[in-house]
Amino acid sequence: MARRAFLYVSLQVLVLALGIAGHARAVAAASRRPPPPDLWPTFEVLGTCNHSGGISTTISPNFVGTTWRGWGTSLAWFANYVGGLPQQELTTFLDLLFEPKNGLGLNIVRYNIGGGHNKALSPQFYKKQESDWRGMPGFKPTKNGPYDWSADERQRNVLQGAKERGANVFEAFSNSPPWWMTVSGDVAGGRHKRETNLRTEYEGAFADYLTTVVAEFATRWGVTFDSLEPFNEALEGFWLAGTDHEGCSFNPPEMGRVIKYTSDSLKAKGLKTKLVGVDSWYGDTASMPGIANHELLTRINVHSYVNRYDNGNAAASYEQKFGYIRDTAKLLGKEVWVSEAGPISKAGSFWDLSLYVARNVIESVNIMEASAYVIWQAYDLGAHWSFIRFPSYYRPPYDGRMKQPKSNKRFWLFKHFTMLAKPGSKPIRVGARCFHGMSAFYNPGDAQITVFIVNQQADDRRVTLNLEGFKTNVGGSTTVVVRRTSAFTNFSKRVYTRFKGGARLTVWGQTFVSVTFTNVST
């Protein structure tokens, strides 16, 4: 029988060297000494949502969207560098990203089918490729020449390493057709913004190129791609020749034809790979305006950047873009993935950007109702995107000075999600929306509910969590496990066994917390 439950626990009161009133600001001030590791914030009894920052919310079996598919990363562009590291460093890096026990355990991998490059027309591109590996090799370097299956070894090394460590969902995607199929002769884009860069006579050949690569990976390397995406931000008008990485604009009629050609090519080759699209940056382009044959796409892929909508009100920005995508997906009857995400163009400290990532995940679940979340760059030469760091700053070529990669703060923050919201979990609609920083997942395999809470503000937030409609003490006593990552802690954990009600806690400023209820079921 379902029971309503509340947790009343007594914890030590946190005392900082500079006084209890300043502990939230101490989290953001690296110059202050961190709190002793054995002292935790108090659990407090509060009412409902109010102006003082108290939040009371109900967690019930009101599930959002579909079953959670998992967490992942695109391999472009970082794998074009990391895949060539010395074996010891490569092994450590792959363990951090894909090993499920001590690493992040990412289970989704997006592999970039490159377009290769016309060296005569893209000297800037090649200069950039040599310095930070944005130029992805293609498998058919010339129109009349054979396929080169020795190409792109570095990215393939990372793909295989991910599979060996348990990654089990693979998607192939394209940023540009091969250079010799383009109008400009340059995989970086057209000569003018929004100018379609795939020559009309090569639309069928482009589809054949993508599906040939997909088929070859299955037979040659044992990697079966679950899905294939021919486009990337194709309607946004970003891509120009002579710039530093691949990109290709398409117009809607051409996209419709490419979708049909690619669908037919997959069927002709006997491939069960699903066709997905269209990897939009903007919410309105996710509706695929004017694109024929979109019924052949089994899923909508979108990018969760909110810059265009960021008018100073973050909550409204998320509601505008993510709500539009959610409604579009329901209208078209399609599942939604966040296929690209990260703190692009965001300002602030590395920890500020990490908290932004957490908030982006939470709103992607709550508002967009996405069923997977894929980060764009798990590692970057700069710290902006990275989940992994190197002790020193290195660029190719590999000169033997490379040091072991290590986890950073964002790694430990993201580990809350990957460890506690596993594939097969069910996202839960959180009751209170006065606090835009909370999501929940029910994991039936582990009989657990986890609530994720991000506090991006300097002030503390007091939170009450009420369980309703779930059975407790199923197969054992229900306990509450609180984990937190902050400026001072990495995935630290406390277990509370006196389960008598709902968890009530203070979430410090600039802190990420996960609260797990064990031995529960619907």
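Within the full protein context, the accessible area of Lys426 is estimated at about 70 Å² for a probe radius of 1.4 Å.
Order the peptides 96-105, 491-500 from the highest to the lowest mean number of other Cβ atoms within 10 Å of their residues. Present the calculation step by step, with values, prior to reporting the outcome.
Details: 96-105: 19.5, 491-500: 13.8.
The peptides rank, most packed first, as 96-105, 491-500.
Given their separation in residues at 0.36 nm each and the Cα-Cα distance between them, Lys471 and Glu201 gain 91.1 nm when the chain is fully extended.
A simple count of charges around Ala234, restricted to other residues whose Cβ falls under 11 Å of its Cβ and scoring Lys, Arg +1 and Asp, Glu -1, yields -4.
By the equivalent-ellipsoid construction on the alpha carbon gyration tensor, the range 136-274 comes out with semi-axes of 25, 17, 15 Å, ordered largest to smallest. Solvent-accessible area assigned to carbon and sulfur over the range 282-391 amounts to 50 percent, based on a 1.4 Å probe.
3J(HN,Hα) couplings calculated from phi for the range 179-184 with the Karplus curve 6.51 cos²θ - 1.76 cosθ + 1.60 (θ = phi - 60°) are, in sequence order, 4, 6, 8, 8, 5, 7 Hz; Gly and Pro show x. Computed over the alpha-carbon pairs of the range 139-186, the distance histogram in 10 Å steps reads 21, 41, 28, 11, 0 percent, short to long.
Converting phi to 3J(HN,Hα) with the Karplus coefficients 6.51, -1.76 and 1.60 and the offset θ = phi - 60°, the range 195-212 yields 7, 4, 10, 9, 5, 4, 5, 10, 4, x, 5, 5, 4, 5, 4, 4, 6, 5 Hz in sequence order, with x at every glycine or proline.
For the range 107-219, the solvent-accessible area works out to 39 Å² per residue, with a probe of 1.4 Å and every protein chain left in place. Surface composition of the range 449-522: carbon plus sulfur atoms contribute 40% of the solvent-accessible area (1.4 Å probe, protein chains only, all chains present).
For Lys330, the lysines whose Cα falls under 28 Å of its own Cα, not counting residues fewer than eight places away in the same chain, are Lys260, Lys267, Lys272, Lys274, Lys321, Lys422, Lys426.
With every protein chain left in place, what is the accessible area per residue of the range 438-522 in square angstrom, probe 1.4 Å? Don't skip to the end; give the middle numbers.
On the way: 2630 Å² over 85 residues.
Averaged over the residues of the range 438-522, the accessible area is 31 Å².
Expected output is a single nm value to one decimal: the length gained when fully extending between Arg194 and Thr479, i.e. 0.36 nm times separation in residues minus the C-alpha distance. What is it? Walk me through the numbers before you get to the answer.
Values: separation 285, 0.36 × 285 = 102.60 nm, distance 5.55 nm.
Answer, rounded to one decimal: 97.0 nm.
Computed from label points 7 Å out along Cα-Cβ, the spacing between Ser492 and Ala316 is 3.8 nm.
The values are calculated or read from the model by the stated rules, or taken from the named source; none is laboratory data. Here the structure is a predicted model, which is why all the values come from computation and not from measurement. Counting neighbours? That spans all protein chains shown, and the Cβs are built from the backbone with ideal geometry, glycine included. SASA here: full protein model, heavy atoms, side chains in, ligands and nucleic acids out. Shrake-Rupley method; radii C 1.70, N 1.55, O 1.52, S 1.80 Å.
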